[in-house]
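Below: the structure, in structure tokens.
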Amino acid sequence: MRAVAAVLAQAKSPLPLPAIEAHFKGRGAWTKSLPTLLATLEALGRAQAVAVDGEAGWRG
């Protein structure tokens, strides 16, 4: 969760889900939990969901 928050905090603009996934080397089951991690970060006030070209994106 800390790594995802760091990626969002360093991004100059909101990131869509595929761009967030691209920051991490590991592929597999963890990508299924990424939306839950983002929702948790939103609840903690460490991320905000926004629209990016008509799609969901997040910023830190």
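Only the coordinates and a few stated rules stand behind these numbers; no lab work does. The shown structure was predicted, so the numbers you read here are calculated from the model rather than taken from an experiment. Because the Cβ atoms are built from the backbone with ideal geometry, glycine has one as well, and the counts that use them run over all protein chains shown.
Tabulated data
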{"quantity": "Shape call, the chain: gyration tensor on alpha carbons, a/c limit 1.5", "calculated": "rounded"}
{"quantity": "Protection-proxy order for peptides 9-21, 42-54, 25-37, each taking the mean of Cβ atoms within 10 Å per residue, highest first", "calculated": "9-21, 42-54, 25-37"}
{"quantity": "Amide H contacts of residue 52 (H built 1.01 Å from N, under 5 Å, at least 5 apart or other chain)", "calculated": "57"}
{"quantity": "Label-point gap, in nm, between residue 59 and residue 1 - each point 7 angstrom along Cα→Cβ", "calculated": "2.4"}
